[in-house]
Every structure is written in C-alpha cells, then in structure tokens.
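**Student:** Could you have a look at this structure, given as structure tokens, before my questions?
The values are calculated or read from the model by the stated rules, or taken from the named source; none is laboratory data. Quick caveat: nothing in here was measured; it's all calculated off a predicted structure. When we count neighbours, we look across all protein chains shown, and the Cβ atoms used for this are built from the backbone with ideal geometry, even at glycine. Accessible surface is based on the protein model in full, side chains and every heavy atom, while ligands, DNA and RNA are left aside. Shrake-Rupley method; radii C 1.70, N 1.55, O 1.52, S 1.80 Å.
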Amino acid sequence: MKKIAIIGVTGSIGSQAVDVIEKNPDLFSLTLVSSHSNADKLVEVANRHKVPIVCFSGKNPPSKDSFNYPCELITGENALVAAAENADYDVFLNAVVGIDALRPTLIAMSKGARIALSNKEMLVSAGEYVMRMKDEFKSEIVPVDSEHSAIFQCLAAGRFSDVDALIITSSGGAFRDVPLDELDNVSPERALAHPNWNMGKKITIDCATMVNKGFEVIEAKHLFRLPFEKIETVLHRESVVHSMVRFADGATIAQLSSPDMRLPIQYAFTYPERVASPVKPLKTPFSLTFEEIDLNRYPCFRILLEAGKKGGLYPAAMLAADAVLVPAYLEGAIKYSDIAKTLEIVLNEFSLKGEYGLADVLRINDEIEKYTRNVVKKL
Ligand code: NDP
Ligand code: MG
C-alpha cells in the first residue's frame, strides 16, 4: 500500500487524484490532504478516507468537530510546512496552484518521498534552485503535467545521452482559429472554452495565450536538464500525442492517450509499474495533425521563450505578472491583448539575470505582482 499526500486536494488535479485513489483502494491510502479556501470539500475527502493529517492553510478553517474520526488538523500560515514535516507518505503530490507550496515540497524532498509534481510554478520560478535541492536530497520527481509525463515515459525507450530533442505538443487553446484581427479584444468566456481539456480557469486562459506552453518549455528545460535548442514545440489539435522524444538515430517515440489527467497522475503514483486506470483507451482508427506554431498569434509564447532564454529570475517575473494579469482579464479590467503587452513591459523593464536563491524568488514575486497591479491600473 503506497501512502499518498495530496496538497491542493480540492482543486482540479487534486480531485482527479482522489478519484485515482478511490479506483485503486488496495494500492493507495491517503495520509495527508490540504486545501486553502474550500473547507467543506476538504472535510468531505478527509472523512471519507479517514486521513490522519488534514491541513487548511487559508482563513476560516474547519472546526475540529467537522471530522467524524480522530485526526490531526493543522491550520494557519505555516500549516503546509508543518503538515509536510509531520505526515508520513511515500508520494507527495503537489497539486497547489502558485508558489506557496515550494517550501513544503522541499521538505517532502528532504524526507526522501517521491514528488509527483503537477504544480508548474515551482520549476518555472525556481527551477535551478529546485533541481539543485533535488540533487542534494537525492530525491525523485515524477512529473504530472501531461507533456512532461509523456516525455518522462518516452525517455524510457532509450539512453538519455542519445536524446536528440524533446517535442512538446500544444493544442493551441481556444483561439487557435480565431481571425488575428479579432484577437485584440476577445472575451474571457471565449478564452475559457478549451477545445480538448477541462481544467481550472487560470490554466485555461494560460492555454489560450500559450503562456502555459512557455511555462512548460521552461519546466522541461529544468526537469530534463536540456538546453532550449533541444526543446521543440508543435501545434497538435487533437491532444492525443502528449509529447515526443526524438533520439539520435531519428526514431521518434510518442506517448498517446485520451486527454485525461488521471493517467499522468496515476503513473506518477505507480511508476515504474502500470495498473488499470479509469482512462478511456484510444480506439483506432484516428487521425493526427501537426502544424507549426504561429508566433504572431501567440505573442505571449514568444515573450515566455525569451524570458526562459534570459534565465535568472525572468521566468519568475513572468509568472508573477501573469498571476495578476489573468484574474484582471477574467474580471474584465483589461483586454486580452493587454496580457502580452504587459508581459513584454515587465520583460524589458527589469534586470533579473544571474544566480538566485529561494528568498530572491519570493521577493521578486511580490515585487513584480505589485508592479503589474500598478501597470494594470493605468491601462
Ligand atoms: P486549481 O485552482 O483547480 O486548484 C488549486 C488547489 O490549490 C486547490 O486545492 C486550492 O485550495 C489550493 N490552493 C490555492 N491557493 C493556495 C495557496 N496559496 N496555498 C495552498 N493551497 C492553495 O488548480 P489546478 O488543479 O488546475 O492546478 C494545480 C497545479 O497543477 C497548477 O500549478 C497548474 O498549473 C498545474 N496543472 C494543472 C493541470 C490541470 O489539468 N488542471 C494540468 C497540468 C498542470 P482551495 O480549493 O481550497 O482554494
Ligand atoms: Mg500541460
């Protein structure tokens, strides 16, 4: 029986992870769950699974009486850190959105647990630091983001030293066919209609702008320790090929499956084994298409790649700015095109090259968020 900790259990990934666990009750048991604002759902999952440690990191925590069994309830600002320290787990799934789960995940690494990594922000904002810590703790990260999980699976087909390139696929998001002259002012409702995946609002907007794909290229660079020149991207409408690896002899290995996050979540739990899953198998025949990504359509993607290549704290700055811009766009405070415009301003306004530590990441996150809020006010 594998002991699983899920931080961010109430979210889109967290809920699907609970489903994976419930479909395999003989394989997995939940030993830690956390949420930040949704107390009801947290209590419901905890009561159903009798989870020994329950963590609520936001305001208005649930009361001790909400639980129908004896558990340790940890609340308050540093709750996640304490929970990661106190709980017992083999796999630690980071399904929290944002960078607040960075410290607890580092604690899980230091304890020797496998990190099932869904959270993108950790590698985007502090990839070099996180990978340094991974080496220091000799810990294992198994990616959950579908593209990185696909690459992780494809890499099993050859020696890492024989990898020629990683090929990351992108669906193109909601605006892949919208005429370019309409893109200045498209509505959030249209942006939220992702053609293939059903996800949280933030990541769905990031797919429409392709900020998400920029993040994923940066994540891949850190996770697989390859230079940007060896990471290619391609538009693939069907979201069936989740990514590919080309080897030195020209053989290209791809991972194909229905667009369902429960597969990469489960694989991160069971790797290197595979067990039956609730994911609908692909039925042949089906057709696949691949197209070049048009950077005129996706200026945010171009900006993110530039930030990635500049390195240092530039990706962290993009992340912080985007975290302000997406809600502003969803609330109707800014236009769609203001997202790219503001990211470009942040990219050019700050000097963020060079080595950094954890404190620098947290400082620059606050600084850029504040700066972006001011830019948004003037738009
Ligand atoms: P959701 O917004 O659906 O869920 C986020 C979870 O994190 C919730 O449990 C939420 O708690 C918790 N949370 C939010 N803020 C904080 C905080 N400050 N401190 C601690 N916990 C917090 O996000 P997703 O599940 O969509 O995504 C999670 C991560 O996985 C993101 O980094 C995303 O980019 C990545 N990802 C998601 C994919 C998807 O299909 N959804 C695919 C690939 C990657 P509460 O509900 O109580 O507020
Ligand atoms: Mg992805």
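**Student:** Would you mind working out the magnitude of the charge dipole of the chain relative to its Cα centre, with +1 at each Lys and Arg C-beta and -1 at each Asp and Glu C-beta, to the nearest 20 Debye? Walk me through the intermediate numbers first.
**Tutor:** On the way: 42 positive and 49 negative charges, 80 e Å.
Dipole size: approximately 380 debye.
**Student:** Further, regarding this structure: Can you give the accessible area of Asp249 in Å² (nearest 10), computed on protein heavy atoms with a 1.4 Å probe?
**Tutor:** Around 130 Å² of this residue is reachable by solvent.
**Student:** By the gyration tensor of its Cα atoms, with a ≥ b ≥ c the square roots of the eigenvalues, what is the shape of the range 64-185: rounded for a/c under 1.5, prolate for a/b over b/c, or oblate? Before the final figure, lay out each step's value.
**Tutor:** On the way: a/c = 2.38, a/b = 1.38, b/c = 1.72.
It comes out oblate by the Cα gyration axes.
**Student:** Taking a ≥ b ≥ c as the square roots of the eigenvalues of the Cα gyration tensor of the range 204-271, is the shape rounded (a/c under 1.5), prolate (a/b larger than b/c) or oblate? Please report the intermediate quantities before stating the final value.
**Tutor:** Values: a/c = 1.36, a/b = 1.08, b/c = 1.26.
Rounded, because the longest to shortest axis ratio a/c is under 1.5.
**Student:** Next up: For the range 154-226, count all C-alpha to C-alpha pairs, find those more than 14 Å apart, and express that count as a whole percent of the total. Intermediate values should be presented prior to the final figure.
**Tutor:** Numbers: 1714 of 2628 pairs.
Roughly 65 percent, rounded to a whole number.
**Student:** To the nearest 20 debye, what is the magnitude of the charge dipole of the range 1-54 about its Cα centre, counting +1 on the Cβ of each Lys and Arg and -1 on the Cβ of each Asp and Glu?
**Tutor:** Numbers: 6 positive and 5 negative charges, 31 e Å.
The dipole of the range 1-54 has a size of about 140 debye.
**Student:** In addition: Is there a quick way to get the dipole size of the range 132-216? I mean about its Cα centre, with the Cβ of Lys and Arg at +1 and of Asp and Glu at -1; what is the value in debye to the nearest 20? Present the calculation step by step, with values, prior to reporting the outcome.
**Tutor:** Numbers: 9 positive and 14 negative charges, 59 e Å.
Computed about the Cα centre, the dipole is about 280 debye.
**Student:** Could you report the range 56-104's accessible area per residue, 1.4 Å probe, as an integer in Å²? Numbers along the way, then the final one.
**Tutor:** Values: 2510 Å² over 49 residues.
With the other protein chains kept in place, the range 56-104 gives 51 Å² per residue.
**Student:** May I ask you to compute the full-extension gain from Tyr69 to Glu85, defined as 0.36 nm times their residue separation minus their alpha-carbon distance, rounded to one decimal in nm?
**Tutor:** Working: separation 16, 0.36 × 16 = 5.76 nm, distance 2.18 nm.
My answer for the length gained is 3.6 nm.
**Student:** So how many Lys-Lys pairs in the range 23-89 land under 17 Å Cα to Cα, not counting same-chain pairs under 8 apart? Provide the component values of the computation, followed by the final result.
**Tutor:** Working: Lys23/Lys50; Lys41/Lys50; Lys41/Lys59; Lys41/Lys64; Lys50/Lys64.
Close lysine pairs under the 17 Å cut-off: 5.
**Student:** In a GNM of the chain with a 10 Å cut-off on Cα contacts, which of Lys310, Lys111, Lys64 has the highest mean-square fluctuation?
**Tutor:** Lys64
**Student:** Let me know the Kirkwood hydrodynamic radius for the range 282-379, please, with Cα pairs as the basis and the value in Å to one decimal.
**Tutor:** Working: mean 1/r = 0.0676 Å⁻¹.
Its Kirkwood hydrodynamic radius stands at 14.8 Å.
**Student:** Greater than 24 Å separation of Cα atoms is the criterion. Which listed pairs, Lys111/Lys201; Lys2/Lys138; Lys120/Lys202; Lys134/Lys309, meet it?
**Tutor:** Distance filter (> 24 Å) returns Lys111/Lys201.
**Student:** Moving on to the next point. Protein chains only, probe 1.4 Å: how do Phe92, Phe286 rank by accessible area, largest first?
**Tutor:** Numbers: Phe92 0, Phe286 90 Å².
Heavy-atom accessible area, descending, gives Phe286, Phe92.
**Student:** Counting only protein heavy atoms and using a 1.4 Å probe, what share of the accessible area of the range 214-285 belongs to carbon plus sulfur, as a whole percent? It would help to have the intermediate numbers written out before the result.
**Tutor:** Values: 1770 of 3200 Å².
Of the solvent-accessible surface of the range 214-285, carbon and sulfur hold 55 percent.
**Student:** Rg to Rh for the range 120-198: what is it, with Cα atoms only and Rh by Kirkwood? Could the numbers behind the result be given before it?
**Tutor:** Working: Rg = 17.7 Å, Rh = 16.1 Å.
A ratio of 1.10.
**Student:** Right, something else. Taking a label point 7 Å from the Cα of Phe160 along the Cα→Cβ vector, which residues of the range 117-144 have an amide N closer than 11 Å to it?
**Tutor:** Answer for this model: 135, 141.
**Student:** Which of the three applies to the range 234-279, rounded, prolate or oblate, going by the alpha-carbon gyration tensor with a ≥ b ≥ c and a/c under 1.5 meaning rounded?
**Tutor:** Details: a/c = 3.08, a/b = 1.43, b/c = 2.16.
Judged from the Cα gyration tensor, the range 234-279 comes out oblate (a/c at least 1.5, b/c at or above a/b).
**Student:** Please give the length that would be gained between Phe228 and Asn196 if that part of the chain were fully extended, namely 0.36 nm times their separation in residues minus their C-alpha to C-alpha distance (nm, one decimal).
**Tutor:** Values: separation 32, 0.36 × 32 = 11.52 nm, distance 2.69 nm.
Extra length available between Phe228 and Asn196 comes to 8.8 nm.
**Student:** Filter the GluC sites (Glu not before Pro) in the range 48-104 to those in DSSP coil with at most 13 other Cβ atoms within 10 Å of their Cβ, and list the result. Before the final figure, lay out the partial values.
**Tutor:** Values: sites: Glu72, Glu77, Glu85; in loops: Glu77.
Passing sites in the range 48-104 are Glu77.
**Student:** Considering only DSSP beta bridges where both residues belong to the chain, give the percentage that are antiparallel (nearest 5).
**Tutor:** Numbers: 10 of 41 bridges.
Expressed as a percentage, antiparallel bridges in the chain total about 25.
**Student:** Here's another thing I want to ask about it. Can you pull the Rg over Rh of the chain, Cα-only, Kirkwood?
**Tutor:** Values: Rg = 20.3 Å, Rh = 21.3 Å.
Rounded to two decimals, Rg/Rh equals 0.95.
**Student:** Based solely on its DSSP helices, what 222 nm [θ] is calculated for the chain when runs of n ≥ 4 H residues each add -39,500 (n - 2.57) and the sum is averaged over all residues, nearest 500 deg cm²/dmol? Intermediate results must be reported in sequence, preceding the final value.
**Tutor:** Working: 14 runs with 166 residues, N = 379.
The per-residue figure over the chain is -13500 deg cm²/dmol.
**Student:** Leaving out ligands, DNA and RNA but keeping every protein chain, what accessible area does Arg114 have, in Å² rounded to the nearest 10, with a 1.4 Å probe?
**Tutor:** That residue has around 30 Å² of solvent-accessible surface.
**Student:** Here is a further query. What number do you get for the range 139-287 when its Cα radius of gyration is normalised by 2.2 N^0.38 Å, N = residues?
**Tutor:** On the way: Rg = 16.0 Å, N = 149, 2.2 N^0.38 = 14.7 Å.
Taking N as the residue count of the range 139-287, the ratio is 1.08.
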